[in-house]
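Just below is one structure, and these are the notes that go with it.
The values are calculated or read from the model by the stated rules, or taken from the named source; none is laboratory data. Here the structure is a predicted model, which means the values were calculated and not measured. Don't worry about glycine lacking a Cβ; one is built from the backbone with ideal geometry, like all the others, and counts go over all protein chains shown. For accessibility, only protein heavy atoms count, side chains too; no ligands or nucleic acids. Shrake-Rupley method; radii C 1.70, N 1.55, O 1.52, S 1.80 Å.
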Amino acid sequence: DALACLSVFRGGFTRAGAEAVAAASLDILSALSDKSWLQPQPNGRYQMHAVVRHFCAGKLDESAEADRRARARERHCDYCASIFHSLRQLGHPDTALVLRAEAENLWVAWRWALDNCKWELLTDLASCLRQVADVQGELLATKREFDAALRMAEGLQEAGEPDQSQVRSRQRFLATIL
């Protein structure tokens, strides 16, 4: 179960991420590493080989519980958004290193949140991804992603949204990326 949920990560993950997304304790991570499902890295992160991740993602998709993968994706997205808050609140000295390490996860979370119209999460992720773009020098690619999200948000706004909390969330998101 934990291994399948960990398959939502890209580019590796930390122990804190494993706990937040898959409720995977250090004992579980150690057991999975002992069986070579995960590879612990010298920097404290864990990697999952792409073939293993693909296999585990398939198992997650095949599970009897239809929304299990969606819940894992949402927990992943929440965790990624929390990275921004923790870096900002702590004034983290290694912000650039953390952003580089988590860049793939942040983009995966962004795409899931965009596909599911999670405007509050998108607002947090946009701020973080803006910093990632600065650190990695990928301003043009980030601008394209933001422009696509902007078109989607504006399209929904034109269609009319009866839920006022969604409207306010979308407006905060638009203000963040404009």
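Inspect the range 118-130 for any residue being among the charged types (D, E, K, R), at pLDDT 85 or above and under 17 Å from residue 8 (Cα atoms) and give the result as yes or no.
Among the residues of the range 118-130, not one is among the charged types (D, E, K, R), at pLDDT 85 or above and under 17 Å from residue 8 (Cα atoms), which makes the answer no.
Under 9 Å between Cβ atoms, at least 6 apart or on separate chains: pull out the pairs that start in the range 35-58 with a residue that is in contact (Cβ under 8 Å) with a residue 24 or more places away in the chain and more than 12 Å from residue 8 (Cα to Cα) and end on any residue that is open to solvent by 50 Å² or more (accessible area, probe 1.4 Å) and part of a helix (DSSP H, G or I).
If the second residue must be open to solvent by 50 Å² or more (accessible area, probe 1.4 Å) and part of a helix (DSSP H, G or I), the pairs left are 43/97; 44/15; 45/15; 46/15.
Residue-wise test of (1) closer than 22 Å to residue 20 by Cα; (2) open to solvent by 70 Å² or more (accessible area, probe 1.4 Å); (3) under 11 Å from the mean Cα position of the chain (by Cα); (4) of a type outside the set (Phe, Trp, Tyr).
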position: 106; (1), (2), (3), (4): yes, no, yes, yes
position: 113; (1), (2), (3), (4): yes, no, yes, yes
position: 134; (1), (2), (3), (4): no, yes, no, yes
position: 143; (1), (2), (3), (4): no, yes, no, yes
position: 152; (1), (2), (3), (4): no, no, no, yes
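Pairs needed: first member in the range 73-85, more than 16 Å from residue 95 (Cβ to Cβ) and assigned to a helix (DSSP H, G or I); second member anywhere, open to solvent by 10 Å² or more (accessible area, probe 1.4 Å) and at pLDDT below 95; C-beta distance under 6 Å; at least 6 residues apart or different chains.
Sorted first by the residue in the range 73-85, then by its partner, the pairs are 73/112; 77/112; 77/121.
Can you tell which of 32, 60, 3 is crowded, with 16+ Cβ neighbours inside 10 Å, in a helix (DSSP H, G or I) and modelled with pLDDT under 90?
Among 32, 60, 3, only 60 is crowded, with 16+ Cβ neighbours inside 10 Å, in a helix (DSSP H, G or I) and modelled with pLDDT under 90.
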